[in-house]
Amino acid sequence: MDAVVLDRTGKKASTIKVPDVFSEAFRPDVIKKAVLAAQANRLQPYGPDRTAGTLTSAHSWGSGRGVAHVPRLTNGSRVARVTQARGGRSAHAPNPHKIFKEKINDKERILAIRSAAAATINKELVKARGYKYEGELPLVVSDEIESMGKVKEVVELLTAIGLAADLERSAQKQVRGGKGKMRGRQYKKKVGVLIVVGEDKGICMGARNIAGIDVVTLDNVNAELLAPGTQAGRLTVWSESALKMMEGEE
């Protein structure tokens, strides 16, 4: 199977053999396991200090005063230390020693990457994720894209190869419902196109300010980038050299 290589104007420049990676079987179970493991391994343990809320002189008055048997400050009657008291310890606080990491076998992780990469040329999966593109897959462009250091150049190339409608889709954002608006995540943003290159010669700088677009070199590709949210079928633009490198790794 051959794929058409497009130049910066969207015209056919050459053809290239599609690597065998793209014929890998679709394994959503393995992809989900790899993505969740990657997300879990990024989590940072958090929790209060071990002595939080307990460093106080409060003690119970005991019986005979007609009040509850709760710890009270020595220089007053305010309750302290217990969970129902203002400034007291937390009843079921997060445990800072909890282990969030998840293990995954190397063979499973590699299989997940291969399967997620193969899913990027499945039109049904790509369409199910909401991408607006009607052309052929895989979407391969010449190595000119690797040296594009300006946003204007990258946008012009993506528009020329038929991704103008998807750029508009990924630029849309909506206000999040709930209290997340007050916690630094007011907007929900869409996941756009993934650009995979063999070598970064300026493309990461040129595309970093385009909404929804991610750029990654082939040696840093992982299942989470290819299948955000564990859902495979991300619309991916491959550079010609990236496909040649994939062919050599087989």
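Could we say that residue 80 is surrounded by 13 or more Cβ atoms within 10 Å (Cβ to Cβ) and touching a strand residue (DSSP E or B) at 6+ places or on another chain (Cβ under 7 Å) here? Quick ask: steps written out before the conclusion?
Working: surrounded by 13 or more Cβ atoms within 10 Å (Cβ to Cβ): yes; touching a strand residue (DSSP E or B) at 6+ places or on another chain (Cβ under 7 Å): yes.
Taking the combined requirement at face value, the residue satisfies it.
Please go through the range 114-130 and give me each residue that is under 23 Å from residue 208 (Cβ atoms) and buried (at least 22 other Cβ atoms within 10 Å of the Cβ), ordered by number. Break it down stepwise before answering.
Of all residues in the range 114-130, those under 23 Å from residue 208 (Cβ atoms) come to 116-117, 120, 129-130.
The answer is 116, 117, 120.
For the range 83-93, name all the residues that are surrounded by fewer than 16 Cβ atoms within 10 Å (Cβ to Cβ) and either aliphatic (A, V, I, L, M) or under 29 Å from residue 227 (Cβ atoms) (or both). Show your work before the answer.
Here is the first cut: in the range 83-93, the residues surrounded by fewer than 16 Cβ atoms within 10 Å (Cβ to Cβ) are 83-84, 86-87, 90-93.
Residues satisfying the conditions are 91, 93.
Name every residue in the range 140-176 that is assigned to a loop (DSSP other than H, G, I, E, B) and either crowded, with 17+ Cβ neighbours inside 10 Å or touching a residue at least 24 places away in the same chain (Cβ under 8 Å) (or both), in order of residue number.
Initially, the range 140-176 is screened for residues assigned to a loop (DSSP other than H, G, I, E, B), giving 142, 148-150, 161-163, 172, 176.
Those that are assigned to a loop (DSSP other than H, G, I, E, B) and either crowded, with 17+ Cβ neighbours inside 10 Å or touching a residue at least 24 places away in the same chain (Cβ under 8 Å) (or both): 142, 148, 149, 150, 161, 162, 163.
To keep it simple, each residue is scored yes or no on (1) modelled with pLDDT under 95; (2) out of contact with any strand residue (DSSP E or B) (no Cβ under 8 Å at 6 or more places or on another chain); (3) closer than 22 Å to residue 165 by Cα.
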| residue | (1), (2), (3) |
| --- | --- |
| 208 | yes, no, yes |
| 213 | no, no, yes |
| 218 | no, no, no |
| 226 | no, no, yes |
| 229 | no, yes, no |
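Give me the pairs: first residue in the range 209-231 and more than 24 Å from residue 150 (Cβ to Cβ), second residue surrounded by fewer than 18 Cβ atoms within 10 Å (Cβ to Cβ), beta-carbon distance under 6 Å, and six or more apart or on different chains, which are they?
Taking only residues 6 or more apart or on different chains, the pairs are 224/38; 230/32.
Counting only residues that are part of a loop (DSSP other than H, G, I, E, B) and surrounded by fewer than 18 Cβ atoms within 10 Å (Cβ to Cβ), how many does the range 195-250 have? Talk me through it step by step, then tell me what you get.
At the first step, the residues of the range 195-250 found to be part of a loop (DSSP other than H, G, I, E, B) are 198-202, 208-213, 221-222, 227, 231-235, 250.
From what's left, surrounded by fewer than 18 Cβ atoms within 10 Å (Cβ to Cβ): 199-202, 208-209, 211-212, 222, 231, 250.
Going through the range 195-250 one residue at a time, the tally reaches 11.
State whether one or more residues within the range 97-111 are assigned by TED's automatic domain parsing to the domain that holds residue 23, under 21 Å from residue 239 (Cβ atoms) and either in contact with a Phe, Trp or Tyr (Cβ under 7 Å, 6 or more places away or on another chain) or crowded, with 16+ Cβ neighbours inside 10 Å (or both).
Looking for residues that are assigned by TED's automatic domain parsing to the domain that holds residue 23, under 21 Å from residue 239 (Cβ atoms) and either in contact with a Phe, Trp or Tyr (Cβ under 7 Å, 6 or more places away or on another chain) or crowded, with 16+ Cβ neighbours inside 10 Å (or both), one finds none in the range 97-111, hence no.
So which residues in the range 197-250 are touching a Ser or Thr at 6+ places or on another chain (Cβ under 6 Å) and within 20 Å of residue 8 (Cβ to Cβ)?
Those that are touching a Ser or Thr at 6+ places or on another chain (Cβ under 6 Å) and within 20 Å of residue 8 (Cβ to Cβ): 197, 198, 200, 201, 202, 236, 240.
Out of all the residues in the range 116-149, which are under 14 Å from residue 160 (Cα atoms), out of contact with any Leu (no Cβ under 8 Å at 6 or more places or on another chain) and of a type in the set (Gly, Ala, Ser)?
Residue satisfying the conditions is 135 alone.
Of all residues in the range 10-47, which are surrounded by 12 or more Cβ atoms within 10 Å (Cβ to Cβ) and of a type in the set (S, T, N, Q)?
Correct list: 14, 39, 41.
May I ask you to say which residue of 115, 147 is over 26 Å from residue 37 (Cα atoms) and either hydroxyl-bearing (Ser, Thr, Tyr) or touching an Asp or Glu at 6+ places or on another chain (Cβ under 6 Å) (or both)?
On the way: 115 fails: over 26 Å from residue 37 (Cα atoms).
One residue alone meets the criteria, 147.
The values are calculated or read from the model by the stated rules, or taken from the named source; none is laboratory data. Source: prediction; values computed, not measured. Quick reminder, even Gly has a Cβ in these numbers, built from the backbone with ideal geometry, and neighbours come from all protein chains shown.
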